[in-house]
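The values are calculated or read from the model by the stated rules, or taken from the named source; none is laboratory data. In this text the structure is predicted, and so the values were computed from the model without any measurement. Every residue, glycine as well, gets a Cβ built from its backbone with ideal geometry; the counts of neighbours run over all protein chains shown. Heads up: the accessible areas ignore ligands, DNA and RNA and are worked out on the full protein's heavy atoms, side chains in. Shrake-Rupley method; radii C 1.70, N 1.55, O 1.52, S 1.80 Å.
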Amino acid sequence: MIKNKNIEQLKSMVAALPEEPGVYQFFDENKTIIYVGKAKRLKRRVASYFNKVHDSAKTNIMVRKIVDIRHIVVESEEDALLLENNLIKKHQPRYNVLLKDDKSYPWITIRKENFPRVEVTRHLLKDGSEYFGPYTSVRMVRILMDMIRSLYQLRNCNLSLSEEAIRNGKFKVCLEYHIGNCKAPCEGKESKEEYEQTIQDIRNILKGNIGSVTSHLKQKMQDLAENFKFEEAHIIKEKLNLLSKYQSKSTIVNPSINNIDVFTIIDDENSAYVNFLKVVNGAIIQAHTIEMKKKIDESREDLLLLAITEIRQKIFSTAKEILVPFELELSIENVKFLIPQRGDKKKLLDLSLRNVKYYRLDKLKKGDKSLKQSNADRIVETMRTDLRLKDAPVHIECFDNSNIQGTNPVASCVVFRNARPYKKDYRHFNIKTVVGANDFASMEEIIYRRYKRLLEEEKSLPQLIVIDGGKGQLGAALNSLDKLDLRGKISVIGIAKRLEEIYFPGDPYPLYLDKNSETLKIIQYLRNESHRFAITFHKQKRSKAFIGSELDRINGIGPKSVQSLIKSFKSVENVKKASLPELEKEVGFSKANLVFNYFHR
């Protein structure tokens, strides 16, 4: 049994509860509602909280906090479910499921007015207007509104078109009439009856009853054709084609499946996800998924019931049939729950289940991204502290030189953003002003060239520069920053390879970071990446130089012939293996002999 200092008082409250459907509320010592629940039999359900130790630690903690119980008796379990949902939304108790669905979704509204406007709104007002939705996809709203505007010429002005004002000629036609978007009911050029028929067609489209609209338009087209009004009949035909195209895109199951709701659920330790599909005439006209944060050990059945109540209330669903994945202990008047095993309805249930799985997967991916970002923020902040920097090093650049005995000197610059390589900003450098193996002068040149260019192009500068080398290379880099007046504006450090010593400008003593430090690991990663990038570039240059020098040694073979041979044979090794006729085909008889004799002496 759960420990609760008020247990005797609570037991007497439970004993007084009726065995009828209703809603119960638990209060803590601050008289705050901490839980709202529904029950088929109030007394039996509430007593179950106090006569055992629960598997869930959260439930046990909640029960220990209860000091008062209140209840509301209702007529049926359906009423209990509706009342529970409304009380949870109103009071948001600590231990109730949290519905993570606070978005404001768009609706399409037909205004209650003379010559009604059809508009998109996110505010549901009790003004007598008709609202269709909500639509979870803004794209779907745009498609519907574009189709309605293509099919019908509706007014979009804010004028109060009373019959008396129209009769008295109070209004004049506007630009919308002249460009064919409106038939000018403001001047009586369109009758109220004609406009009402248009609104009725739109009403049917929004309800998914496209068949009735199609029948009306076909009859109208036929009447126009019989009266030899072929141009007007052709306009109606184009509208029919547009409707047919829209219907073929939206129909996914048997059109005889009409006005049903589909619900599926998946859950994990912390959350449940419920998908809803609204199907009218075989077409899905609404789709919606909600996330529910678990607080105590709620069952999937309870969670699905709560979601069904919430969603059907929100969209004003009047569907008489609800497809669900498992049996539910709930009866709603004039509504049938069905668990399909095969056929088109089973396909709809499977489609809903796929949607809810994709939704959960997408949420988890987004969670991973935010987790990675928060981890990167933490590492960057750790580096700022460890290296005693003014600013967090979100943008870091690292430089390295590469040459063999002064030949083909090159350098590399690698860029990290948020503690991760940002490869599209990596850069190679050919050393231009330094002759021979002079690492200090080479470093000075590339630092000057890199930041002179960034300044000229007005691009962002890094918060930290890492130099692969000790005091000498660091001093050379500082010389360039002095010339560009950047010293003190960018932090600079050098890393010496032997003992992983970190050198700072003007400090003769290096910093030794713990070998397991995240800061040191990032700096080593930068240094190794810049070294790899420089070495790869140096190898490419040496390879090109070697290819050129090998063929250039042959007397009588010029640069164009060398280029032609390499283009054809791809490598010097293949040129060596080539037969005399093959060489002759590329460079002619005399040059082919020179090349062949050189390699086959």
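By average Cβ neighbour count within 10 Å, what is the ranking of 304-317, 330-343 from highest down?
304-317, 330-343
I'd like to compare 75-88, 564-577: which one has the highest average count of other Cβ atoms within 10 Å, and what's the full order after that?
75-88, 564-577
Before rounding to the nearest 500, sum -39500 (n - 2.57) across all DSSP H runs of length at least 4 in the chain and divide by the residue total; then give [θ] at 222 nm in deg cm²/dmol.
-15000 deg cm²/dmol
Using alpha carbon centroids, what distance separates the stretch 176-245 and the stretch 561-601, in Å?
The stretch 176-245 and the stretch 561-601 have Cα centres separated by 79 Å.
If I stretch the segment between residue 8 and residue 342 completely, what's the gain in nm (0.36 nm per residue apart, minus their alpha carbon distance), one decimal?
Full extension from residue 8 to residue 342 adds 114.9 nm.
Counting only other residues whose beta carbon sits under 14 Å from that of residue 392, what net charge do I get with K and R as +1, D and E as -1?
Overall, the nearby charge balance is 0.
How much of residue 485 can a 1.4 Å solvent probe reach, expressed as accessible area in Å² and rounded to 10?
Roll a 1.4 Å probe over it and residue 485 shows about 100 Å².
At 1.4 Å probe size, with every protein chain present, just tell me what the per residue accessible area of the stretch 1-125 comes to in Å².
55 Å²
Checking the a/c ratio against 1.5 first, then a/b against b/c, what shape does the Cα gyration tensor give for the stretch 157-227?
Prolate, because a/c is 1.5 or more and a/b exceeds b/c.
So how strong a dipole does the chain carry about its Cα centre when Lys and Arg Cβ are +1 and Asp and Glu Cβ are -1, to the nearest 20 debye?
With only Lys, Arg, Asp and Glu charged at Cβ, the dipole is about 1500 debye.
Determine the principal axes of the Cα atoms in the chain, then give the extent along each, sorted from largest to smallest and rounded to whole angstroms.
103, 90, 57
Roughly how many Å² is the accessible area per residue of the stretch 309-461, as a whole number, for a 1.4 Å probe?
59 Å²
Would you mind checking which residues have amide H under 5 Å from residue 174's amide H? H placed 1.01 Å from N; only 5 or more apart, or other chain.
none
Taking R0 as 60 Å, what's the FRET efficiency between residue 216 and residue 270 from their Cβ-Cβ distance, rounded to 0.05?
0.70
Which order do the peptides 196-205, 382-391 take when ranked by the mean count of other beta-carbon atoms within 10 Å per residue, highest first?
Descending mean neighbour count gives 196-205, 382-391.
Towards the positive end of the charge dipole of the chain, with charges on Cβ (+1 Lys, Arg; -1 Asp, Glu), say which of 361, 282, 341 has the farthest Cα.
Highest projection toward the positive end goes to 361.
Compute the distance in nm between two label points, each set 7 Å from the Cα along the Cα-to-Cβ direction, one at residue 173 and one at residue 460.
Inter-label distance under the simple model: 5.6 nm.
Summing +1 for each Lys or Arg and -1 for each Asp or Glu, what net charge is found among the other residues whose Cβ lies under 11 Å from the Cβ of residue 299?
Taking every Cβ under 11 Å from that of residue 299, the sum is -4.
Give the aspartates and glutamates reachable from residue 31 as a straight Cα distance under 17 Å; neighbours fewer than 8 places away on the same chain don't count.
Leaving aside aspartates and glutamates fewer than 8 places away in the same chain, those within reach of residue 31 are 68.
At what distance in angstrom do the alpha carbon centres of the stretch 302-353 and the stretch 429-467 lie from each other?
Each part's Cα centre sits 67 Å from the other's.
Work out the charge dipole of the chain with +1 on the Cβ of Lys and Arg and -1 on the Cβ of Asp and Glu about the Cα centre, then indicate which of 475, 110, 389 is farthest towards its positive end.
The one lying farthest along the dipole's positive direction is 475.
For a label point 7 Å from the Cα of residue 231 along Cα→C-beta, name the residues of the stretch 148-173 whose backbone N is under 15 Å from it.
Those under the cut-off are none; the list is empty.
Search the structure for amide H atoms under 5 Å from the amide H of residue 117, placed 1.01 Å from N in the peptide plane, and list their residues when 5 or more places away or on another chain.
111
Given the options 93, 402, 598, identify the residue whose Cα lies farthest towards the positive end of the charge dipole of the chain (+1 on Cβ of Lys, Arg; -1 on Cβ of Asp, Glu).
598
Extending each Cα 7 Å along its Cβ direction at residue 142 and residue 500, get the distance between those two points in nm, one decimal.
Using points 7 Å along Cα→Cβ, the separation is 5.2 nm.
With a 1.4 Å probe and all protein chains left in place, how much of the accessible area of the chain comes from carbon and sulfur atoms, in whole percent?
Heavy-atom surface of the chain belonging to carbon and sulfur, 1.4 Å probe: 49 percent.
Figure the gain on full extension for residue 554 and residue 60 (residue separation times 0.36 nm, minus the Cα-Cα span) and round it to one decimal in nm.
168.8 nm
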